[in-house]
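Reading through the structure tokens given below for one structure.
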Amino acid sequence: PLPNEMDAAPGLLLAEARRAAAAAENEGVLTKRICDQRTLQHWKLSASHAALMQFANDLAEAVVGRAVSDTCEERPVIGALLAEFDAMAAWIDEIPPIQQAMRYGNKAFKAWHARMAERAPALMAELLEQRAAPESGAPAAPADAAAELAAYFAEAFGSPTRIDYGTGHELQLLAWLRGLELMQVLDPADRPAVVLRVFERYLALMRRLQTTYCLEPAGSHGVWGLDDYQHLVFVFGAAQLVGHARIQPSSIHDEELLAEAGADYLYLAAVAFIRKVKKGPFGEHSPYLNDISAIDSWDKVVKGLLRMYEGEVLGKLPVVQHLRFGALLPWATPYND
């Protein structure tokens, strides 16, 4: 039987206290800057905006024509990240959902999130210890690098306050991965493994969190959005399928193919997950994905989804107002100033 809310209350209070302490530890190192249309326009013209878009594009290019089961270089740091995600998945079994009146937003998620946020600073310090020796003349890691990385990481798994998850949290993961590459923990040569191993494991973890704790979609556009929770999975997944001889955008309507090839292709796995959790005709609950299935090439799909990411994720105030800035992601002067 599920623990009820009253029985779990002391543990939840402790979890909330730990989460608050972790947040306070990182509060001073990153600052929110995007708060209105003026600062949103500043952001859209900034070098940091361009850098995140370029990084998303670079990750997509790194997996063009590559399946999850394909061999790719996996340095020890990749193994360390995978082990961490596996440990975080195991916490779900240790922190079961509680009985509560509300269908969505199970409060046990607060305890899971608190444990993750408490672990984050030490994990980032460990990852920075694996940093490749900087090239001669390369800048040293910023003093607050571990705290900044921990802050992005802790924001990548949803909100413990609203008990929701969406593209803004996925964006935090992108900022974290780029920060690891800037700090030379990851290398550009790791990008295939970053998508096909690390991001794929992150997706598996998030789907368990979504279904176990009934996370609300954060800022969902309902049927007028690409997906309730994520966007980059479709960008990277479409890139994998560029040039595929058999699987076309229209193949998402072949449920047998989704089951057969979903483990190898992120796009197919994402569509299969949507079909599992949503009822009714696919064209009614996912019209954008349904429309995309009529496009004649995956290359066009990738380009269109990247434009959509820039406009609907990086360009939307309700999403990017939660993004914070520091040494790794500076709030710099726009290009046209």
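Only residues that are farther than 30 Å from GLU200 by Cα and either of a type in the set (Lys, Arg) or in contact with a Ser or Thr (Cβ under 8 Å, 6 or more places away or on another chain) (or both) were counted across the range 32-60, and they come to 2. For ASN106, the criteria (1) over 20 Å from VAL29 (Cα atoms); (2) open to solvent by 50 Å² or more (accessible area, probe 1.4 Å) hold in every case but one, which is (2). Do we have VAL77 as closer than 27 Å to ALA120 by Cα and assigned to a loop (DSSP other than H, G, I, E, B) here? Criteria not met by VAL77.
Using the structure shown, decide if LYS279 is open to solvent by 30 Å² or more (accessible area, probe 1.4 Å) and within 26 Å of ALA156 (Cα to Cα). It is false that LYS279 is open to solvent by 30 Å² or more (accessible area, probe 1.4 Å) and within 26 Å of ALA156 (Cα to Cα). Look at (1) in a helix (DSSP H, G or I); (2) among the small types (Gly, Ala, Ser); (3) modelled with pLDDT of 95 or more and you find that ALA15 fails only one, number (3). Only residues that are of a type in the set (Gly, Ala, Ser) and either touching a strand residue (DSSP E or B) at 6+ places or on another chain (Cβ under 7 Å) or open to solvent by 30 Å² or more (accessible area, probe 1.4 Å) (or both) were counted in the range 49-87, giving 7. Taken over the range 188-228, the criterion of being at pLDDT 95 or above, among the charged types (D, E, K, R) and either open to solvent by 10 Å² or more (accessible area, probe 1.4 Å) or in contact with a Ser or Thr (Cβ under 7 Å, 6 or more places away or on another chain) (or both) is satisfied by ARG191, ARG197, GLU200, ARG201, ARG207, ARG208. Looking at the range 244-258, is at least one residue more than 17 Å from ASP70 (Cβ to Cβ), free of Cβ contacts under 8 Å to residues at least 40 places away in the same chain and of a type in the set (A, V, I, L, M)? Yes, the range 244-258 contains a residue that is more than 17 Å from ASP70 (Cβ to Cβ), free of Cβ contacts under 8 Å to residues at least 40 places away in the same chain and of a type in the set (A, V, I, L, M).
For the range 250-276, filtering for residues that are β-branched (Val, Ile, Thr) and surrounded by fewer than 19 Cβ atoms within 10 Å (Cβ to Cβ) leaves 1.
Just one of the numbered conditions (1) part of a helix (DSSP H, G or I); (2) at pLDDT 95 or above is not true of ILE247: (1).
Residues that are touching a residue at least 24 places away in the same chain (Cβ under 8 Å) and open to solvent by 40 Å² or more (accessible area, probe 1.4 Å): does the range 229-239 have at least one? No, that holds for no residue. Counted as qualifying within the range 257-337 are no helices (runs of 4 or more DSSP H), as none has 2 or more residues that are on the phi > 0 side of the Ramachandran plot, polar (S, T, N, Q) and at pLDDT below 95.
The values are calculated or read from the model by the stated rules, or taken from the named source; none is laboratory data. Just so we're clear, the structure is a prediction, and the values are computed from it rather than from any experiment. We place every Cβ from the backbone using ideal geometry, glycine too, and count neighbours over all the protein chains shown. Calculation scope for accessible area: heavy atoms of the full protein, side chains included, ligands and nucleic acids excluded. Shrake-Rupley method; radii C 1.70, N 1.55, O 1.52, S 1.80 Å.
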